[in-house]
Amino acid sequence: MKKLLCSSALVLSLALPVAAQDYTPDPNATPGGMITITYKDDVATLDPAIGYDWQNWSMIKSLFDGLMDYVPGTTELRPGLAESYEVSEDGTVFTFALRQGVTFHNGREMTAEDVKYSLDRVTLPETQSPGAGFFASIQGFDEISTGAADTLSGVEVVDPQTVRITLSRPDATFLHVMALNFASVVPREAVEEAGADFGKVPVGTGAFRLADWVIGQRLVLEKNEDYWRDGVPYLDGITFEVGQEPVVALLRLQQGEVDVPGDGIPPAKFQEVMNDADQAARVVEGGQLHTGYITLNVGMEPFDQLAVREAVNMAINKDRIVQVINGRAVPATQPLPPSMPGYTQGFDGFAYDPEGAKAKLAEAGLADGFTTQLYVMNTDPNPRIAQAIQQDLSAIGVEVEIRSLAQANVIEAGGAGEAPMIWSGGMAWIADFPDPSNFYGPILGCAGAGDGGWNWSRFCDEAIDAMATEADSFTDPTAPERLELWSQVYQQVMAQAPWVPVFNEQRYTMKSARMGGDDALYVDPVSIPVNYDYVYVTE
């Protein structure tokens, strides 16, 4: 992880781009051509303030830009719509100089007013953005989130090409936040014209623009010929075909009809693929900052009782669930994955103990068990994992009805607080950026626990929130004291047991023989599943 801020005071007048942050285009890249990506489910939205699942994440990245960006295939920050920035010595004032001549897909030039509008919009309660909490360090966030104001006082338009953002405290993650999809710059007139349908008719400054969208059939992106980055994208366009079962998509890949199966390798076919030399040659493997987990809605009976949540944690046989996915993961003991800074080495979490789980239920007055529901995404292997969870809980007297739904429906139920339990698979948390803060705010913090948020357990502990805020108030993101604070945060979360952390998974994808570009682009840590702006075809 690149150190952006020093621990005392700071880097001034960072004139980006800098050589280390530039990206050298592939000399073998050939422009032109279309590619086909498949998905089982349709896309819910392409609004960057709303979209927050792995299926639409990289699509949105290709349609929109923010002030900051990442070097393709890495988590190293680089400039985006900000050509340069300056940071005050106390780390609380960021002044961004915008690139000139950047235009939206509707042809209008982007200005500082658009940046302010976009940041105001994503934090307004009526937008119901699941990412609003990321911006909590910006001055005026509390006022806008409570409805006391309709604009962020900390975001100031200095002139048409300059934006000044003042924070209420130092924030070690702020430049990463400016690279998130939620910080994408959108044109006010397009949003106001489309209203609630902006996610179906998106207008950004990105490398691609929306060309066609037939709900339930296909979504087509076409190259933005006026894109502000020279030389990219290489592709003329991308067709996303939806309604494609993963097993059928794999067969079509083998027949040369599909370039990337968006849902990945079907677990039931994984060993077959890996044991076939020709197919295995098309596989790309990459590490990921990932945790798969079960949420327990603390606002619903009986999960409002700690003993019940502890019982569920103790009832789950994580080793057996890992076997369901062919051993492509390791059992998890805590929300953070092992490769994330702040991970607590030696923390055992809840051991598999069915008898102990029964005792906990008896402690809660539920010795005879109870009945509940588990929501799960309907793409394999998630229903099979849900069945394993169902069996484990049945062994302690908890009867579970599985509700297997499309991803968008599970996300909707979670955001509305309607689901007692959710298995996060297919939507499991993969870090937006490599910092322990990212595993807390949106999915465990109070800010994410409202309607439309991703804190599906509805867990909110103000004391833990205060610790998290303190941890992010360092100017040096790698300070040992900061990482120790984050370790304490997650240990205290586990003491309250709003989740069952189940496993940390490796990532596997496939590509057709004609796809070009570095393998890292196909397991890009921030453009999941593919960084479409930089891949190309060789024929």
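Take the alpha carbon gyration tensor of segment 324-461, find the square roots of its eigenvalues, order them as a ≥ b ≥ c, and report rounded if a/c is under 1.5; if not, report prolate when a/b exceeds b/c, else oblate. In terms of gyration-tensor shape, rounded.
Roll a 1.4 angstrom probe over the protein heavy atoms and tell me the percent of accessible area of the chain that is carbon or sulfur.
Roughly 47 percent of what the probe reaches on the chain is carbon or sulfur.
Taking a probe of 1.4 Å, how large is the accessible area per residue of the chain, in Å²? Walk me through the numbers on the way to the answer.
Details: 19600 Å² over 539 residues.
I get 36 Å² per residue for this part.
Estimated at 0.36 nm per residue, the fully extended path between Ala281 and Gln100 surpasses their Cα-Cα distance by 60.8 nm.
Largest first, how would Cys446, Cys460 line up by accessible area (1.4 Å probe)?
Final ranking, largest accessible area leading: Cys460, Cys446.
Classify segment 426-479: rounded, prolate or oblate, from the alpha-carbon gyration tensor (a ≥ b ≥ c, eigenvalue square roots; a/c under 1.5 rounded; otherwise prolate if a/b is larger than b/c)? Oblate. Packing order of peptides 87-94, 270-277, 135-142, 202-209, highest average first: 202-209, 135-142, 87-94, 270-277 (average count of other Cβ atoms within 10 Å over each peptide's residues). Annotation: lysines with alpha-carbon distance below 22 angstrom to Lys223 (same-chain offsets under eight excluded): Lys61, Lys200, Lys511.
Report relative contact order for the chain in percent, whole number only (criteria: Cα-Cα under 8 Å, sequence separation at least 6).
22 percent
Remark: segment 272-286, residue by residue, has Karplus-estimated 3J(HN,Hα) of 4, 5, 5, 8, 9, 4, 5, 6, 4, 5, 8, 8, 10, 10, x Hz, where x stands for each Gly or Pro and the curve is 6.51 cos²θ - 1.76 cosθ + 1.60 at θ = phi - 60°.
The values are calculated or read from the model by the stated rules, or taken from the named source; none is laboratory data. Since this is a predicted model, take the numbers as computed values, not measurements. Don't worry about glycine lacking a Cβ; one is built from the backbone with ideal geometry, like all the others, and counts go over all protein chains shown. Each accessible area value is taken on the protein alone, full model and side chains, heavy atoms only, with ligands, DNA and RNA left out. Shrake-Rupley method; radii C 1.70, N 1.55, O 1.52, S 1.80 Å.
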